[in-house]
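The values are calculated or read from the model by the stated rules, or taken from the named source; none is laboratory data. Everything quoted here is computed from the prediction, not taken from an experiment. Note that we place each Cβ from the backbone using ideal geometry, even for glycine, and neighbour counts take in every protein chain shown. For the accessible areas, the whole protein counts, side chains as well, though only heavy atoms, and no ligand, DNA or RNA atoms are used. Shrake-Rupley method; radii C 1.70, N 1.55, O 1.52, S 1.80 Å.
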Amino acid sequence: MGSRSPESTRPSVFWPLAAIIVPIVSLIAKIRIRGGEKLPRDGAYVLAPNHYSEFDPLIVAVAVWRIGRAPRFMAKESLFRVPVLGAALRATGMIPVARSSSASAAKQTLKQSAELVEHRRGVIVYPEGTLTRDPDLWPMRGKSGAVRLALTDGIPLIPMAHWGAQEIMGRYQKGLSLWPLRKRVEVVIGDPVDVSDLQGRAGEASALNEATTRLMNAITVLLEELRDEKAPAERWNPSTHGQKETGRLDS
């Protein structure tokens, strides 16, 4: 997959984590990655995957590490206040979610985006904000957190899709289905979503909606390739089905 980033070759807190997590996940899942060269080896990026299993963040993290970048996620702000866990999140450079569309949230997004560029880091943001509510596990309506970060400083916005983690842990399933070991999980990374015409408009609802639509379309196309079937013509919207979007990782 080409040369690895200094993030994975230079000693850091990720090394001991990877030494524990990668072998365990690799025993459970046989991860096949396509398009890994599309994730920048250096510099900031926003990586946006689909989300249908509580297990899939581990798939995404291992895939990103294997490609050569440090897997940093957006995490709920409240987790940063938990003793020990909060310190671990800060030590690994995880990013607290900017809540709502308030002025303070906008300032937080500006700060987060600038820090990604300054430190040449990437971040993984689930644009759906929580596990998809679509009955067939297709991506549902997206939220604006990923595109807000990308539009603020012109950071590459990269779609990602994966499929197979539901055989290890289904949506809302308690516990893992471990046998047989090494269930196949396919991961594909797409070309950056072109939002250059919306650059600098992270504060405009119309620009955020358009960029989010482009991103969710790109993720869905990748997932269609993996599943070898077409997604529904209309994307699932929880609010129209009386569903609450709890456990949000994005806003």
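What to note about this one:
- Pairwise FRET efficiency - ASN237 versus GLU118, Cβ, R0 = 35 Å, nearest 0.05: 0.45
- Electrostatic bookkeeping for ARG184 treats Lys and Arg as +1 and Asp and Glu as -1; over the other residues with beta carbon under 11 Å from its beta carbon, the sum is +2.
- If the chain linking LYS76 and GLU37 were pulled fully straight, counting 0.36 nm for each residue of separation and taking away their Cα-Cα distance, it would gain 11.1 nm.
- Accessible area per residue was computed with a 1.4 Å probe on protein heavy atoms; ASP153 scores about 70 Å².
- Computed from the Cα positions only, the extents of segment 129-247 along the three principal axes stand at 49, 33, 25 Å, in decreasing order.
- Put TRP138, TRP65 in order of accessible area, highest first, and with a 1.4 Å probe you get TRP65, TRP138.
- Stretch gain in nm, segment ASP194-ILE24, where the contour uses 0.36 nm per residue and the Cα spacing is subtracted: 57.6 nm
- The simple spin-label model puts a point 7 Å past each Cα toward its Cβ; for LEU17 and ALA205 those points are separated by 3.6 nm.
- Of LYS30/LYS174; LYS174/LYS230; LYS30/LYS111, those spanning more than 32 Å from alpha-carbon to alpha-carbon: LYS30/LYS111
- Model label sites at SER177 and ARG90, defined 7 Å from Cα along the beta-carbon direction, differ in position by 4.1 nm.
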